[in-house]
1. Across segment 10-42, what is the total count of residues that are closer than 23 Å to residue 324 by Cβ, in a helix (DSSP H, G or I) and out of contact with any strand residue (DSSP E or B) (no Cβ under 7 Å at 6 or more places or on another chain)?
2. So is residue 260 closer than 19 Å to residue 94 by Cα, modelled with pLDDT of 95 or more and not assigned by TED's automatic domain parsing to the domain that holds residue 35 or not?
3. How many residues are outside any strand (DSSP E or B) and more than 30 Å from residue 363 (Cα to Cα) when one looks only at segment 121-149?
4. State the number of residues belonging to segment 1-31 that are at pLDDT below 95 and within 22 Å of residue 219 (Cα to Cα).
5. Between 328, 298, 292, which is at pLDDT below 95, touching a strand residue (DSSP E or B) at 6+ places or on another chain (Cβ under 7 Å) and assigned by TED's automatic domain parsing to the domain that holds residue 351?
6. Counting just the residues of segment 204-223 that are in contact with a strand residue (DSSP E or B) (Cβ under 9 Å, 6 or more places away or on another chain) and farther than 22 Å from residue 35 by Cβ, which one comes out surrounded by the most Cβ atoms within 10 Å (Cβ to Cβ)?
7. Within segment 137-157, identify whether any single residue is buried (at least 22 other Cβ atoms within 10 Å of the Cβ) and over 24 Å from the mean Cα position of the chain (by Cα), and answer yes or no.
């Protein structure tokens, strides 16, 4: 049986279409996916992403534990900074991707994907040999992603924190909508800027109502998982379970930039050797040359001679560009920008070209 976020009744009252996702009943759309998507690109939209997991690590060994299990160099973090990272497994793949928040000296919050919460907790716990204080507060916290170029204008009146001065990937803790100890971060999954706001479940209704009241003057709207998916695809952002998983390495997935060999971490020697030798397949984007059906996960990618060279991992029609886009893995020799390939859709070969990320260049 699916779980419900604390804000479930709000979504139903707004007429959202609810679907099962990562063990939760989640709003996929409220009115129109394209409208919700473009409102985030041009204005401000609000996503309930309370299904995400929040692990708190505290104490003298917290940093060492994070360094052991993640690829990025968390020693670079100072209080108020956030880092994107991933946790490699022992066989070359990825346990999960995550955000590492440095909330204070020796105090961190790890935000993980909903579908991987138990797996991630067990994985990190396995390496916690120094008795680091770990607390799983995933069931106690709610999370709103308030995204878009008008996000600051929409919610600044709710807090004394100077939101407009916050740099990308930073975090503050303060009073928000009359509630103390709210975590506000300039992270997100849309590419259009904005904030992710973490708070305890008991104040979820209060904060939801306050956000929508404060943002009325900029036409703030709720947005569902459908728009979240099309927004992240336009940016070329990976989704765990689609684009990265236990069998994809960070270097294959284009995540070498978060894989730092200035320290030792799980399976670092094998991954370093892979980096030096070069990968045999690469994660790339595709845009359509000819109009046709939308490429979807699992669709075969062929070269011009009909040989299989890879598979699509994510695909959609971009509401911003009004054309089909897709992402997937291909063998290295077909990964160069502008390489022409064929994507097999319903037994028809659709012409497409490899393209750079992001698909959409924002101003």
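The values are calculated or read from the model by the stated rules, or taken from the named source; none is laboratory data. Since this is a predicted model, take the numbers as computed values, not measurements. Note: ideal-geometry Cβ built from the backbone for every residue, glycine included; neighbour counts use all protein chains shown.
1. So the answer is 7.
2. On the way: closer than 19 Å to residue 94 by Cα: yes; modelled with pLDDT of 95 or more: yes; not assigned by TED's automatic domain parsing to the domain that holds residue 35: yes.
Yes; evaluated as a whole, the condition is true for this residue.
3. Initially, segment 121-149 is screened for residues outside any strand (DSSP E or B), giving 121-132, 137-140, 148-149.
The next check asks that each one be more than 30 Å from residue 363 (Cα to Cα); those that pass are 121-132, 137-140.
Matching residues across segment 121-149 total 16.
4. 1
5. Working: 328 fails: at pLDDT below 95; 298 fails: at pLDDT below 95.
After ruling out the rest, the residue left standing is 292.
6. The initial filter retains those residues of segment 204-223 that are in contact with a strand residue (DSSP E or B) (Cβ under 9 Å, 6 or more places away or on another chain), namely 204, 206-208, 210-212, 215, 220-223.
Then drop every residue that is not farther than 22 Å from residue 35 by Cβ, which leaves 204, 206-207, 210.
On the way: 204: 20, 206: 13, 207: 22, 210: 18.
Among them, the one singled out is 207.
7. Checked segment 137-157: no residue is buried (at least 22 other Cβ atoms within 10 Å of the Cβ) and over 24 Å from the mean Cα position of the chain (by Cα).
Residue-by-condition table, conditions (1) surrounded by 15 or more Cβ atoms within 10 Å (Cβ to Cβ); (2) within 24 Å of the chain's Cα centre (by Cα); (3) over 30 Å from residue 320 (Cα atoms):
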site: 162; (1), (2), (3): no, no, yes
site: 166; (1), (2), (3): yes, yes, no
site: 170; (1), (2), (3): yes, yes, no
site: 179; (1), (2), (3): yes, no, yes
site: 184; (1), (2), (3): yes, yes, no
site: 187; (1), (2), (3): yes, yes, no
site: 190; (1), (2), (3): yes, yes, no
site: 195; (1), (2), (3): yes, yes, no
site: 202; (1), (2), (3): no, no, yes
